[in-house]
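In what follows, a structure is listed as structure tokens, so that the remarks can point back to it.
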Amino acid sequence: MGHEDKGHFAAKHSDRQINETTAKKIRVLAQDNCLSCSSAHRAGKSLAVSPLEIGVQTDLLEYQISECQLGLFGYSDGKKRIDLDIKISSDLNELLEKTNKNGRISCLECWDIAKHLKIKKLDVASACEKKNLRIKPCQLGAF
């Protein structure tokens, strides 16, 4: 859900309830009702819950997820952090070609590629954008 849905995130999860332990952690890490992607992942690790569960709980609190680590959303100027002038290495290109399915690649797969090649997550996302590969789904359930 995007900024136009602000205040209605919980509607995606009508069958779920707030977990107070998880909610407490999110409240501590959030600023101005926004939880950064990196903070969300830290919260998940510290509580031994999945990133998706952190995303659901963030939605139930009607908080926004901000500062996507792939540079796709959640920045105060509303712009992506993608570099379309990126030079795509042959190794990266090969992994993107092998990994994508029908022009789509998951957020987690992008993270795995970045880790494997020892490059920035943002560089993988930039290469995806340049190659017109859609990144979906988000590990936190934002898209």
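The values are calculated or read from the model by the stated rules, or taken from the named source; none is laboratory data. Keep in mind that this is a model prediction, so the values were computed, not measured. Ideal geometry is used to build each Cβ from the backbone, glycine not excepted, and the neighbour counts take in all protein chains shown.
The table for this structure:
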| read-out | value |
| --- | --- |
| Flag if LYS98 is outside the structural domain of LYS24 (by TED's automatic domain parsing), loosely packed, with under 15 Cβ neighbours inside 10 Å and more than 30 Å from ALA10 (Cα to Cα) | yes |
| Scope region 61-94; condition of a type in the set (A, V, I, L, M, F, W, C) and either touching a His at 6+ places or on another chain (Cβ under 6 Å) or surrounded by fewer than 21 Cβ atoms within 10 Å (Cβ to Cβ) (or both); matching residues | LEU61, PHE73, ILE82, LEU84, ILE86, ILE88 |
| Test: ASP91 is under 20 Å from LYS25 (Cβ atoms), among the charged types (D, E, K, R) and assigned to a helix (DSSP H, G or I) | no |
| Of all residues in region 111-143 being of a type in the set (Val, Ile, Thr) and in contact (Cβ under 8 Å) with a residue 40 or more places away in the chain, the one that is surrounded by the fewest Cβ atoms within 10 Å (Cβ to Cβ) | ILE135 |
| Hey, GLY78 under 25 Å from ILE18 (Cα atoms), not assigned by TED's automatic domain parsing to the domain that holds SER14 and not in a helix (DSSP H, G or I) or not | no |
| Boolean, LEU108 is modelled with pLDDT of 95 or more, surrounded by 14 or more Cβ atoms within 10 Å (Cβ to Cβ) and not charged (D, E, K, R) | no |
| Test: residue in region 94-112 that is of a type in the set (A, V, I, L, M, F, W, C) and part of a loop (DSSP other than H, G, I, E, B) | no |
| Qualifying residues in region 53-75 (those that are outside any loop (DSSP other than H, G, I, E, B) and of a type in the set (A, V, I, L, M)) - the one farthest from the chain's Cα centre (by Cα) | LEU60 |
